[in-house]
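To keep things clear, I will list the structure first and then write my remarks on it.
The values are calculated or read from the model by the stated rules, or taken from the named source; none is laboratory data. Because the structure is a prediction, the values reported are computed rather than measured. In this analysis, Cβ positions are derived from the backbone assuming ideal geometry, glycine residues included, and neighbour counts consider all displayed protein chains. Accessible surface areas use protein heavy atoms only, side chains included; no ligands, DNA or RNA. Shrake-Rupley method; radii C 1.70, N 1.55, O 1.52, S 1.80 Å.
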Amino acid sequence: DNLKRESGSKVQHANINASKAVADIIRTTLGPRSMLKMLLDAGGGIVVTNDGNAILRELDVAHPAAKSMIELSRTQDEEVGDGTTSVIILAGEMLHVAEAFIEKNYHPTVICRAYNKALEDAIAVLDKIAMPIDTKDRSTMLGLVKSCIGTKFTSQFGDLIADLAIDATTTVGVDLGKGLRDVDIKNYIKVEKVPGGQLEDSKVLKGVMINKDVVAPGKMRRKIVNPRIILLDSPLEYKKGENQTNAELLREEDWSLLLKMEEEYIQELCMQILKFKPDLVITEKGLSDLACHYLSKHGVSAIRRLRKTDNNRIAKACGAVIVNRPDELQESDVGTGAGLFEVKKIGDEFFAFIVECKDPKACTVLLRGASKDLLNEVERNLQDAMSVARNIIKNPNLVPGGGATELTVSATLKQKSSSVQGIEKWPYEAAAIAFEAIPRTLAQNCGINVIRTMTALQGKHANGENAWVGIDGNTGAITDMKEAKIWDAYNVKAQTFKTAVEAACMLLRIDDVVSGIKKRQAPGAGQGPSKPKVETEVDADGEQILPD
């Protein structure tokens, strides 16, 4: 009987405990004064971070409920890129308050119904307190991105990361019409980490940088002003036959003829390209010595074997079109948007810069820093900062940070709970209390008297007024978030609430864990990796030595 089965409230308690365990791991990483975690990743390297998602990514958990909690932060990271820690804490708390009801034999469905009602009301509260902002106003945007990544490790470098993020996202934003803007971070913003130098040297390039040198340094120019750029994804070399092609040649002249045809083919390709007087030819595939010779003779620089994604970025930056076959080139395919092509040596590697573009739709963020670990953490924080900037550009509404939103939601829900009919009233009220987990955790991480602070805050929020009062995560003082400029993006908060409540409901409704994995056998009984058998003379006869 391979099916292990546990059922009923026992499972729910187990699930709740597992989820709480996950929440406890990253609970200490919420807020600006939070602790860092040091992780040993699978490769044996170390990661030092306080980004909720980065920590949970490295965890290796056996419990199914805990696995599902970890998925949450992944979802949050992919969807809005921020709030990965909050979502887990909130979901953990939702499950924690539900435990009492399960002991009283409440049906999980009832609890879930109450939770969903609470979620709807919470989103309504968000809509009420959200305040719209102008995305064109740089200082507002900066304050906003800063407050969102103020909880991250790099906040000690001041505006640096926020500046980079805003520059990068405003560069690649595209208008979808109807006043909507979309930012494709994954494809059009490349983060290049180059160890060395100082963090202050990091910058957003108005264009693209690639880790390549020209094909023939010395023969080709390494600095071109206003280059005409042609992008190819076809090889500039003679194609070998598909499979082994044998050519029998009877006369020696035929051999030289064959070679000549190959050379002419390449020359023909190069001439088709040179017709357009390019200064820079970039291809994703190979570029033979001969082609290299023709190009350099005409003063054209060439770069070969470029990544497809990099090629797309260059196309976006300088306005070129990637061409599949040299004979189909048109004038409109030549990119003229770049102001400068230059190859520089940074550290001990060569990098090609295509910069000073007019209206680039792709960009590279060049990060410099002392060590690899530092750069990795900065990159993670930059990703979060860019996501925040993107969220604001997509949905320019703000809600207060510092636990103020959660407290307002909590206070409003407590008031409403008295009007909820029937048995659902209690879980509804519990959900209201669960929202307080965020400000409470913030207070814990600042190291102040939690009970006093929470009581004071609840008092301020009790009648649903002054919605903007929360905790300043640095000092632990109770402040007005509008003045302290601590904000959150509306859709980050909304997504956090939705994900947390829905996950809590899902885990509550599990009443059976049926495992289809075979029970572990006693050690040494069969299954383990069997030892290689050593043949003795006795076996040698029984074996068929020759294959059938």
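Output the qualifying pairs, or none if there are none: Cβ atoms under 6 angstrom, residues six or more apart or on different chains, first residue in region 209-237 and assigned to a loop (DSSP other than H, G, I, E, B), second residue among the basic types (Lys, Arg).
Val215/Arg304; Ser234/Arg325; Pro235/Lys285
Among the residues of region 16-39, write down those that are touching a residue at least 40 places away in the same chain (Cβ under 8 Å) and touching an Asp or Glu at 6+ places or on another chain (Cβ under 8 Å).
Residues of region 16-39 touching a residue at least 40 places away in the same chain (Cβ under 8 Å): 16, 18-24, 26-36.
Those that are touching a residue at least 40 places away in the same chain (Cβ under 8 Å) and touching an Asp or Glu at 6+ places or on another chain (Cβ under 8 Å): Ile16, Ala23, Thr29.
Could you please let me know if Ala18 is crowded, with 20+ Cβ neighbours inside 10 Å, within 18 Å of Ile510 (Cβ to Cβ) and at pLDDT 85 or above?
Values: crowded, with 20+ Cβ neighbours inside 10 Å: yes; within 18 Å of Ile510 (Cβ to Cβ): yes; at pLDDT 85 or above: yes.
Answer is yes for this residue.
Out of the strands (runs of 3 or more DSSP E) lying entirely within region 270-346, which hold 1 or more residues that are in contact with a Lys or Arg (Cβ under 9 Å, 6 or more places away or on another chain) and open to solvent by 20 Å² or more (accessible area, probe 1.4 Å)? I'd like the intermediate steps shown before the answer.
On the way: elements: 280-283, 301-303, 340-346.
Because the criterion is at least 1 residues that are in contact with a Lys or Arg (Cβ under 9 Å, 6 or more places away or on another chain) and open to solvent by 20 Å² or more (accessible area, probe 1.4 Å), the strands (runs of 3 or more DSSP E) in region 270-346 that meet it are 340-346.
Run Pro396 past the list (1) open to solvent by less than 10 Å² (accessible area, probe 1.4 Å); (2) over 17 Å from the mean Cα position of the chain (by Cα); (3) closer than 24 Å to Leu142 by Cα and report the number of the one that doesn't hold.
For Pro396, the exception is condition (1).
For residues that are at pLDDT below 80 and open to solvent by 20 Å² or more (accessible area, probe 1.4 Å), tally how many sit in region 23-33.
Filtering region 23-33 down to residues at pLDDT below 80 leaves 31-33.
Next, from what is left, pick out any that are open to solvent by 20 Å² or more (accessible area, probe 1.4 Å): 32-33.
Number of matching residues: 2.
Any idea which residue in region 485-500 is surrounded by the fewest Cβ atoms within 10 Å (Cβ to Cβ), counting only those that are in contact with a strand residue (DSSP E or B) (Cβ under 8 Å, 6 or more places away or on another chain) and of a type in the set (A, V, I, L, M)?
Ile486
Mind listing whichever residues of region 234-293 are more than 42 Å from the chain's Cα centre (by Cα) and under 16 Å from Asp327 (Cα atoms)?
Glu264, Tyr265, Ile266, Gln267, Glu268, Met271, Lys275
For region 411-422, indicate whether the set of residues that are open to solvent by 50 Å² or more (accessible area, probe 1.4 Å) and closer than 19 Å to Val501 by Cα is non-empty.
Within region 411-422, one or more residues are open to solvent by 50 Å² or more (accessible area, probe 1.4 Å) and closer than 19 Å to Val501 by Cα.
Could you tell me whether Glu120 is modelled with pLDDT of 90 or more, surrounded by fewer than 19 Cβ atoms within 10 Å (Cβ to Cβ) and under 23 Å from Pro439 (Cα atoms)?
Details: modelled with pLDDT of 90 or more: yes; surrounded by fewer than 19 Cβ atoms within 10 Å (Cβ to Cβ): yes; under 23 Å from Pro439 (Cα atoms): yes.
Here the answer is yes, as Glu120 does meet what is asked.
Do we find that Leu366 is in a strand (DSSP E or B), touching a strand residue (DSSP E or B) at 6+ places or on another chain (Cβ under 7 Å) and of a type outside the set (Ser, Thr, Tyr) in this structure?
Numbers: in a strand (DSSP E or B): yes; touching a strand residue (DSSP E or B) at 6+ places or on another chain (Cβ under 7 Å): yes; of a type outside the set (Ser, Thr, Tyr): yes.
Yes; evaluated as a whole, the condition is true for this residue.
If we scan region 8-26, do we find a residue that is among the acidic types (Asp, Glu), closer than 30 Å to Asn474 by Cβ and within 20 Å of the chain's Cα centre (by Cα)? Please lay out each step first, then the result.
Narrowing region 8-26 to residues among the acidic types (Asp, Glu): 24.
Filter once more, keeping what is closer than 30 Å to Asn474 by Cβ: 24.
With within 20 Å of the chain's Cα centre (by Cα) added as a condition, the list becomes none.
Scanning region 8-26, I find no residue that is among the acidic types (Asp, Glu), closer than 30 Å to Asn474 by Cβ and within 20 Å of the chain's Cα centre (by Cα), so the answer is no.
Starting from residues that are among the hydroxyl-bearing types (Ser, Thr, Tyr) and over 19 Å from Leu144 (Cβ atoms), keep the ones in region 446-489 and report whichever is nearest to the chain's Cα centre (by Cα).
Start the filter on region 446-489 by keeping residues that are among the hydroxyl-bearing types (Ser, Thr, Tyr), which leaves 453, 455, 475, 479.
Keeping just the survivors that are over 19 Å from Leu144 (Cβ atoms) gives 453, 455, 475.
On the way: Thr453: 34, Thr455: 37, Thr475: 30 Å.
Checking each candidate, the answer is Thr475.
Here's a check for you: in region 453-471, which residue that is crowded, with 21+ Cβ neighbours inside 10 Å and closer than 23 Å to Thr85 by Cα is modelled with the lowest pLDDT?
The qualifying residue modelled with the lowest pLDDT is Ala467.
Write out, first by first residue and then by second, each pair whose Cβ atoms fall under 6 Å of each other, whose residues are 6+ apart or on separate chains, and whose first residue, in region 429-453, is small (Gly, Ala, Ser) while the second is not in a helix (DSSP H, G or I).
Ala443/Ile471
Residues are listed down the side, and each one gets a yes or a no for (1) open to solvent by 50 Å² or more (accessible area, probe 1.4 Å); (2) among the β-branched types (Val, Ile, Thr); (3) more than 14 Å from the chain's Cα centre (by Cα):
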position	(1), (2), (3)
Met38	yes, no, yes
Ile46	yes, yes, yes
Asn53	no, no, no
Gln76	no, no, no
Val80	no, yes, no
Thr84	no, yes, no
Val87	no, yes, yes
His96	yes, no, yes
Ala100	no, no, yes
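Would it be correct to say that Asp384 is touching a residue at least 12 places away in the same chain (Cβ under 8 Å), open to solvent by 40 Å² or more (accessible area, probe 1.4 Å) and either within 16 Å of Ala54 (Cα to Cα) or under 17 Å from the mean Cα position of the chain (by Cα) (or both)? Explain how you work it out, then say what you get.
Details: touching a residue at least 12 places away in the same chain (Cβ under 8 Å): yes; open to solvent by 40 Å² or more (accessible area, probe 1.4 Å): no; either within 16 Å of Ala54 (Cα to Cα) or under 17 Å from the mean Cα position of the chain (by Cα) (or both): yes.
So Asp384 fails the test.
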